[in-house]
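Presented below is the structure to which this report refers.
The values are calculated or read from the model by the stated rules, or taken from the named source; none is laboratory data. Owing to the predicted nature of the structure, the values given are computational and were not obtained by experimental measurement. Counting neighbours? That spans all protein chains shown, and the Cβs are built from the backbone with ideal geometry, glycine included. What goes into the accessible areas is simple: the full protein's heavy atoms, side chains included, and nothing from ligands, DNA or RNA. Shrake-Rupley method; radii C 1.70, N 1.55, O 1.52, S 1.80 Å.
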Amino acid sequence: MTAIIALSIFGISNLFLGFWLSRKTIQTFTLGFLAISMGLTVADWNHEYMWFGNMFRSTNTSINFSIIIQLAAFFVVAFSNAFGQDDEHTHPAEYYAIMLFSVIGAILMVSFDHLIMLFVGLEILSVSMYVLTGSDKRNLRSNEAAIKYLLMGAFATGILLFGITLVYGATRSFYIANIANAIASTPKESMPTFLYAGILLMLVGMLFKVSAAPFHFWTPDVYDGAPTIFTMFMSTVVKTAGFAALFHVFSGMFGGLYATWALPIYFISMLTLVIGNVTAVYQQSMKRMLAYSSISHAGYMLMTISANQSSTTSTILYYSLAYTLATVTAFAIFKIVSEYQTGRVEKPENFQAFEGLAKQNPLLAFCLTISLLSLAGIPLTAGFWGKFFVFADTFHRNITYSIIVAVLMSAVGIYYYFKGIIAAYFKTSEMEVIYIPGLYQVALIMSTLATLILGIYPTIVKSLF
């Protein structure tokens, strides 16, 4: 709760600081604000608090998710490079403020104990992302992406609200514990039919937010059209918050009806894995490939939710952290290389733009390699253990077919992830040395080292979760 209050003050302060401070200074202040909020979040460890009429609950699990979300936002701000210091049309103070406000919404989504609080957090996060997606007002692709995101997001929110209404009508409460108790105390034969309809509608609304198939169609276009820095934010902060909320709702609130929702999530996870990985193979743009990669990783996380084991919470936390570190690194390298190659190559977003990267820019090539290997699930990276924990949870539930599909799709993933590595190391071009700002370089090294450390010593973080 203290972190939410602090971020609210920091966000408002950023709006005023923009009148006097330079872009670089505002970026430094925002990084400091996020570091303070993470410290305040850690200070609540082992202290369970209830706020807003018991609508908001702070637990160790919600604190862990909050730290991952704020860490992702910290890296995004560090990689923002002050939003293009040479572009007079950008407004960094406003962008940073909206990002801080959206982090508040994400924290509410991982700490809610009341369905109205879930909706408030979801809307704070979603409306912020609609604005940031269309922030490049002179770019038609950005405008198109924002419109698509807004329209489809509005439909998904309406479906979610209708589901919440039906659940309330069946249980007469919005509180998570009360709904769970009402379901547990009601015989199956006496359960209202519209409760099942409410569960299905809530599932559809929340699956849209995490880009699960067949509700993923907005993802490639929105990720591709949005400014890269906000795509990075969307693919990490929004996805982590969405999965934390999804798991809290279905494992905690609807745990007594596991047989009702587990099978749909199981089949959706398989569909998401197949569509995400197979479609990514045909992408020539690295940004669109990472968009379909994001869809495929949603499938892996849905697998462990459908398994619903005692270790599922820690698995989702570890997977979210590993995915966040690899994704911010990959998008950061894509951002700086594509900006450098603009005007030098015909399509700076394609894999061809990375040809010869290792020769003149070995640090960028190495960090790109580690991030893509982690996303592919190769050993000695955090992504390997993330997938291993997902497979272990699924195996304990004796869902062997999903493991077979997931392993096959992981093999497909290796093919398209290695496109970037092959372009960087085994193809040549006339690329010159790319200037990397100091903060950008430090953040790259930190995220890459964290990916390797988690891959070599996964128990360091797993034990905390």
Exercise. Select, from Thr186, Thr236, the only residue that is hydroxyl-bearing (Ser, Thr, Tyr) and under 29 Å from Leu151 (Cα atoms).
Key: Thr236
Practice problem: Kindly list the number of the only condition in (1) of a type outside the set (D, E, K, R); (2) closer than 19 Å to Phe79 by Cβ; (3) open to solvent by 70 Å² or more (accessible area, probe 1.4 Å); (4) in contact (Cβ under 8 Å) with a residue 60 or more places away in the chain that fails for Ile456. | Solution: (2)
Exercise. Report the residue count in the stretch 174-195 for those that are surrounded by fewer than 16 Cβ atoms within 10 Å (Cβ to Cβ) and closer than 23 Å to Ala154 by Cα.
Key: 1
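If you take the residues of the stretch 103-145 that are charged (D, E, K, R) and surrounded by fewer than 19 Cβ atoms within 10 Å (Cβ to Cβ), which of them is farthest from Val238 (Cα to Cα)?
Keep residues of the stretch 103-145 that are charged (D, E, K, R), which gives 113, 123, 136-138, 141, 144.
When the remaining residues are screened for being surrounded by fewer than 19 Cβ atoms within 10 Å (Cβ to Cβ), the result is 123, 137-138, 141, 144.
Working: Glu123: 12, Lys137: 22, Arg138: 25, Arg141: 21, Glu144: 20 Å.
Here the residue is Arg138.
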Quiz item: In the set Leu257, Leu273, Leu290, Leu246, which member is touching a residue at least 40 places away in the same chain (Cβ under 8 Å), surrounded by fewer than 20 Cβ atoms within 10 Å (Cβ to Cβ) and part of a helix (DSSP H, G or I)?
Solution: Leu257
Quiz item: Between residues in the stretch 41-67 that are within 12 Å of Ser111 (Cβ to Cβ) and at pLDDT 90 or above and residues that are open to solvent by less than 40 Å² (accessible area, probe 1.4 Å) and assigned to a loop (DSSP other than H, G, I, E, B), which pairs lie under 8 Å by C-beta distance while being six or more apart or on different chains?
Solution: Ile63/Asp44
Self-check item: Residues (closer than 24 Å to Val120 by Cα and either more than 25 Å from the chain's Cα centre (by Cα) or open to solvent by 10 Å² or more (accessible area, probe 1.4 Å) (or both)) located in the stretch 13-23
Solution: Ser13, Leu15
Exercise. Name, by its number, the condition in (1) modelled with pLDDT of 90 or more; (2) crowded, with 17+ Cβ neighbours inside 10 Å; (3) of a type in the set (Ser, Thr, Tyr) that does not hold for Ser402.
Key: (1)
Quiz item: Does Ile336 qualify as being open to solvent by less than 10 Å² (accessible area, probe 1.4 Å), touching a residue at least 40 places away in the same chain (Cβ under 8 Å), under 27 Å from Ala73 (Cβ atoms) and part of a helix (DSSP H, G or I)?
Solution: no
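Of the residues Leu368, Leu380, Leu373, Leu363, which is in contact (Cβ under 8 Å) with a residue 40 or more places away in the chain, in a loop (DSSP other than H, G, I, E, B) and of a type in the set (A, V, I, L, M)?
On inspection, the qualifying residue turns out to be Leu380.
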Exercise. Evaluate the stretch 24-46: report whether one residue or more is part of a helix (DSSP H, G or I), open to solvent by 50 Å² or more (accessible area, probe 1.4 Å) and of a type in the set (D, E, K, R).
Key: yes
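Looking only at residues in the stretch 342-360 that are assigned to a helix (DSSP H, G or I) and among the small types (Gly, Ala, Ser), which one is farthest from Phe426 (Cα to Cα)?
Within the stretch 342-360, the subset assigned to a helix (DSSP H, G or I) is 351-354, 357-360.
From what's left, among the small types (Gly, Ala, Ser): 353, 358.
Details: Ala353: 13, Ala358: 9 Å.
Across the stretch 342-360, the extreme among qualifying residues is Ala353.
Conditions (1) outside any helix (DSSP H, G or I); (2) touching a strand residue (DSSP E or B) at 6+ places or on another chain (Cβ under 6 Å); (3) surrounded by 23 or more Cβ atoms within 10 Å (Cβ to Cβ), marked per residue:
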position	(1), (2), (3)
Val390	no, no, yes
Gly420	no, no, yes
Val433	yes, no, no
Leu449	no, no, no
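Residues of the stretch 278-287 being in contact with a helix residue (DSSP H, G or I) (Cβ under 8 Å, 6 or more places away or on another chain) and either among the hydroxyl-bearing types (Ser, Thr, Tyr) or surrounded by fewer than 24 Cβ atoms within 10 Å (Cβ to Cβ) (or both), which ones?
So in the stretch 278-287, the residues in contact with a helix residue (DSSP H, G or I) (Cβ under 8 Å, 6 or more places away or on another chain) come out as 278-281, 283-287.
Once the filter is applied, which keeps residues that are in contact with a helix residue (DSSP H, G or I) (Cβ under 8 Å, 6 or more places away or on another chain) and either among the hydroxyl-bearing types (Ser, Thr, Tyr) or surrounded by fewer than 24 Cβ atoms within 10 Å (Cβ to Cβ) (or both), the stretch 278-287 yields Val278, Thr279, Val281, Gln283, Gln284, Ser285, Lys287.
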Self-check item: Answer from Ile333, Ile316 - the residue that is of a type in the set (A, V, I, L, M, F, W, C) and more than 27 Å from Gln441 (Cβ to Cβ)
Solution: Ile316
